[in-house]
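The values are calculated or read from the model by the stated rules, or taken from the named source; none is laboratory data. This is a predicted model, so every value here is computed, not measured. Cβ atoms come from the backbone with ideal geometry, glycine included; neighbour counts cover every protein chain shown. The protein model used for the area step is the full one, side chains on, heavy atoms only, and it has no ligands, DNA or RNA in it. Shrake-Rupley method; radii C 1.70, N 1.55, O 1.52, S 1.80 Å.
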Amino acid sequence: MSHTIIAPPAGTAAATASPVKKRSQLAEVWRRLVRNKMAMFGLVVISLIIAAAITADWISPYDYRTQDLNAISQKPNAQHILGTDDLGRDILSRIIHGTRISLLVGFVSVSISVAVGGGLGAVSGYYGGTLDNVIMRFMDVLLAIPSILLAIAIVSAFGGGIINVMIAVGISSVPSYARIVKASVISIKENEFIEAARAIGASDFRIVTKHILPNAMAPIIVQATLGVAGAILSAAGLSFIGMGIQPPTPEWGAMLSNGRHIIRTAWHVATFPGLAIMLTIFALNLLGDGLRDALDPRLKN
Amino acid sequence: MHKYILRRVLLLIPVMLGVSFVVFTIMFFTPGDPAKIMLGERAPAEEVALLRTQMGLDDPFHIQFFNFVKNAVQGDLGRSLVTKRPVAAEIWSRFPATLQLSAAAVLIAILMGIPIGIISATKQYSAFDMISMVIALLGVSMPNFWQGMMMILLFSITFRVLPSSGYGTLGHLIMPAATIGTSAAAVITRMTRSSMLEVVRQDYIRTARAKGLSERVVINRHALKNALIPIVTVIGLQFGSLLGGAVLTESIFSWPGVGRFMVDAIRTKDYPSVQGGVLMLALTFSIVNLAVDILYAYIDPRIKAQYK
């Protein structure tokens with residue numbers, strides 16, 4: 001039961017909900033999100049991109065691997081809406097298949113950051129003391145390295161490939177989650193319902209996972225949404241310098257990198273994958289901003 | 001105040017030691033034998049073994065790390081496996097180019113971001129506000145390296161007004177600086193707007209208006225000054241992603257800076273150079289953040305008072 005108690009960590013819906021008609025916190029957040037047109041636009045675009053990733057095999061006009069040597073570097077035309085690359089592969093089909101890679105990398109990287117960063121932040125905030133000091137100083141060290149550089153260092157050491165890219169990008173943004181979760185845990189752990197849980201003999205692990213973290217979700221969700229965008233950008237950047245996901249995988253950054261060498265003769269090869277990245281990141285950012293406003297109306301300007 | 005600055009400068013030491021440790025550890029566990037890379041694949045085993053001993057590669061991890069730090073403090077970051085020249089000298093000769101690019105980018109970011117942010121905040125929900133916010137968000141969403149390529153496509157290939165690569169003149173600087181600068185400008189615009197909106201609701205702004213001060217004075221003297229702290233923080237933090245962004249942007253525009261040097265070093269598996277590059281950029285970033293923290297004290301007398 002106790003996890004349904006709403007502690008107001010830095011302004012949740014509880015503070016503003018009208019006393020007459022009680023909505024659940026989730027419904028209240030959803031209602032505010034729906035009213036935000038930009039956030040809804042973001043949500044619709046993301047849903048479409050996810051749908052494209054799922055149905056990629058059916059909706060792609062061509063096989064993304066098929067090289068048509070009679071149609072090399074074709075400008076956009078009726079057969080190939082976005083043209084073909086230097087090996088005669090259909091760019092639209094490759095972009096559609098690329099949604100799978102980018103979404104996968106985005107979500108897995110952020111899951112790694114949330115799990116590792118959130119875990120460290122929770123331990124740090126809950127126990128405090130020396131352990132907290134050691135963890136946070138280590139986070140300070142990681143923060144001193146610009147995150148793309150850290151990711152570059154990790155993939156250059158362990159090699160490219162999708163798994164290493166996800167780990168590298170995930171690790172490089174661990175510190176921001178650790179900080180956010182730590183701050184939330186500190187603000188929540190002094191509440192009476194935590195004391196109550198402790199009084200009935202709940203273990204530390206149970207208190208943190210069942211009572212504190214559910215109440216600290218708002219900032220984590222916002223950061224994670226924006227984090228997926230950042231992770232997709234970083235992964236594309238790594239692939240772009242040849243350190244990430246390797247061709248012939250239809251990864252957007254790798255496609256851009258390929259298009260770079262033929263930009264003088266075939267502008268479309270580099271242009272469209274970039275637009276796909278931008279649209280995805282734009283939609284995620286809109287949704288993330290909207291979620292932040294919906295979860296914490298006091299921050300809304 | 002001096003005590004505060006001294007304390008912050010001293011704090012740099014453990015952070016940089018930590019950064020060295022992280023970077024050194026990553027590179028230590030990199031597969032591939034540096035001695036072999038240096039001598040080439042066909043070098044006889046005895047020669048490789050000899051070089052390994054000379055380079056101290058057979059020592060245990062902690063000894064190697066200790067030697068690395070000892071040398072780094074004296075300005076010796078090892079030798080490049082490819083050019084065989086000292087890494088520190090290689091980086092040092094490219095550092096001015098990176099600094100020049102970053103400075104130009106920060107300048108663009110500040111000159112665009114702060115004024116647009118202020119106007120957006122003072123005319124909240126106006127057409128100007130809406131449009132500039134959408135553009136700013138697009139700017140945040142655009143991959144740096146793609147933006148650079150699109151600028152080359154537009155200004156070098158289509159209109160032929162700017163050189164697509166190289167170094168030396170103002171013309172060479174414009175596109176790479178704009179590439180990194182505009183995305184930082186987008187972040188600064190958003191921060192300036194929200195920080196200003198936060199401040200203009202305060203009572204002292206109402207008081208200032210009630211006193212009959214002109215709107216210009218209220219915004220520039222009373223509001224902006226108080227809104228500046230989070231803005232300055234963001235500018236400092238942007239400098240980090242700017243240095244990171246420079247790595248990609250420099251290789252697109254063949255800008256002879258530390259970033260391109262690092263990307264080339266990664267391609268040739270020249271680990272000491274990668275290690276040195278990350279270390280130098282992390283140090284630069286830390287110094288900038290330190291400068292930002294010290295700057296706070298000058299912007300905000302309340303912070304200064306704490307350290308009296």
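Remark: the stretch B:94-267 carries 42 Å² of accessible area per residue (probe radius 1.4 Å; ligands, DNA and RNA excluded). The percentage of C-alpha pairs in the stretch B:94-267 whose separation is greater than 23 Å is 46%.
Of the accessible area of the protein assembly as shown, with the probe set at 1.4 angstrom, what percent is carbon plus sulfur? If you can, show how the numbers build up before the last one.
Values: 18710 of 28560 Å².
Here carbon and sulfur together make up 66 percent of the probe-accessible area.
For chymotrypsin sites (Phe, Trp or Tyr not before Pro), the sites in the stretch B:46-138 that DSSP calls loop and that have at most 16 other Cβ atoms within 10 Å are B:TYR125. Relative to one another, the C-alpha centroids of the stretch A:176-213 and the stretch B:136-184 are positioned 48 Å apart.
Taking 24 Å as the limit for the C-alpha separation, the pairs B:LYS36/B:LYS84; B:LYS123/B:LYS304; B:LYS225/B:LYS304; A:LYS189/A:LYS210; A:LYS182/A:LYS210 exceed it in the case of B:LYS123/B:LYS304. Look at the alpha carbon pairs under 8 Å that are at least 6 residues apart: their mean separation over the length of chain B gives a relative contact order of 25 percent.
For the stretch A:215-242, heavy-atom accessible area (probe 1.4 Å) falls by no less than 40 Å² from the chain alone to the full protein assembly at A:LEU233, A:PHE240, A:ILE241.
P(r) tail for the stretch B:258-308: Cα pairs beyond 19 Å make up 49% of the total.
With all distinct Cα pairs included, what does the Kirkwood hydrodynamic radius of the protein assembly as shown come out to in Å, to one decimal, could you say?
Values: mean 1/r = 0.0381 Å⁻¹.
Answer for the protein assembly as shown: a Kirkwood hydrodynamic radius of 26.2 Å.
Can you compute the charge dipole magnitude of chain B about its Cα centre, using +1 on each Lys and Arg Cβ and -1 on each Asp and Glu Cβ, nothing else charged? Give it in debye, rounded to the nearest 20. Before the final figure, lay out each step's value.
Numbers: 28 positive and 17 negative charges, 271 e Å.
For this selection, approximately 1300 debye.
Roughly how much accessible area, to the nearest 100 Å², goes out of reach of solvent when A and B pair up, both sides summed, probe 1.4 Å? Walk me through the numbers before you get to the answer.
Details: alone 15460 and 16930 Å², together 28560 Å².
So the buried area, both faces added, is about 3800 Å².
With Cα atoms defining each centre, the stretch A:231-265 and the stretch A:58-117 are spaced 11 Å apart in the structure. For chain B, the membrane-span-like helices by this rule, meaning whole DSSP H stretches whose C-alpha atoms cover at least 27 Å of axis and whose Kyte-Doolittle mean is -1.0 or above, are B:2-28, B:87-122, B:170-200, B:224-252, B:271-299; this says nothing about an actual membrane.
Within 10 Å of each candidate Cβ there may be at most 13 other Cβ atoms; applying that plus a DSSP loop requirement, which trypsin sites (Lys or Arg not before Pro) in the stretch B:126-228 survive? Could the numbers behind the result be given before it?
Numbers: sites: B:ARG160, B:ARG190, B:ARG193, B:ARG201, B:ARG206, B:ARG209, B:LYS211, B:ARG216, B:ARG221, B:LYS225; in loops: B:ARG160, B:ARG201, B:LYS211.
Of the trypsin sites (Lys or Arg not before Pro), the ones in loops of the stretch B:126-228 whose Cβ has at most 13 other Cβ atoms within 10 Å are B:ARG160, B:ARG201, B:LYS211.
Hey, any idea what Rg/Rh is for chain A, computing Rh the Kirkwood way over Cα pairs? Mind showing how you got there, number by number?
Working: Rg = 22.4 Å, Rh = 21.2 Å.
My calculation puts Rg/Rh at 1.06.
Between the stretch B:208-282 and the stretch B:56-81, the C-alpha centres lie 30 angstrom from each other.
Out of B:PRO14, B:ALA49, B:TYR4, whose Cα points farthest toward the positive end of the dipole of the stretch B:2-73 (charges: +1 Lys, Arg; -1 Asp, Glu; placed on Cβ)? Selected residue: B:TYR4. What residues of the stretch A:137-174 lose no less than 30 Å² of accessible area with every protein chain in place versus their chain by itself (probe 1.4 Å, heavy atoms only)? Those residues are A:VAL141, A:ALA144, A:ILE145, A:PRO146, A:ILE148, A:LEU149, A:ILE152, A:ALA153, A:SER156, A:ALA157, A:PHE158. Over chain A, DSSP H runs of length four or greater, each weighted -39,500 (n - 2.57), average out per residue to a 222 nm ellipticity of -21500 deg cm²/dmol.
Values of log10 I(q)/I(0) for the stretch A:91-212 across q = 0.16, 0.18 Å⁻¹ run -0.82, -0.93, by the Debye formula with one identical scatterer at each alpha carbon and no solvent.
Normalised by residue count, the stretch B:2-73 yields a Cα convex hull volume of 89 Å³ per residue. Note down the relative contact order for chain A as a percent, whole number, built from C-alpha pairs under 8 angstrom at least six residues apart. This gives 26 percent for chain A. Counted as membrane-span-like here are DSSP H helices of chain A whose alpha-carbon atoms extend 20 Å or more along the helix's own axis and whose Kyte-Doolittle mean is 0.5 or above; these are A:37-54, A:91-127, A:129-143, A:174-189, A:217-240, A:267-295.
Once you have the Kirkwood Rh of the stretch A:170-271 from its Cα pairs, apply Stokes-Einstein at 37 °C and 0.692 mPa s and quote D in µm²/s.
Numbers: Rh = 16.8 Å.
Answer, rounded: 195 µm²/s.
Every Cα-Cα pair in the stretch B:1-133 was counted, and those over 20 Å apart are 68% of them. Kirkwood-type hydrodynamic radius, the stretch B:145-228: 15.7 Å, calculated from all non-identical alpha-carbon pairs. Each helix, a run of at least 4 DSSP H residues, gives -39500 (n - 2.57); summed and divided by the residues of chain B, these come to -25000 deg cm²/dmol at 222 nm.
Here the calculated FRET efficiency for B:THR25 and A:THR209, from their Cβ-Cβ distance with R0 = 22 Å, stands at 0.10, rounded to the nearest 0.05. Working note: Cα atoms of chain B, range along each principal axis, descending, whole Å: 85, 58, 29. Here the scattering of the stretch A:204-260 is modelled by Debye summation over its C-alpha atoms, one equal scatterer each and no solvent; at q = 0.13, 0.23, 0.25 Å⁻¹ the log10 of I(q)/I(0) is -0.51, -0.80, -0.88.
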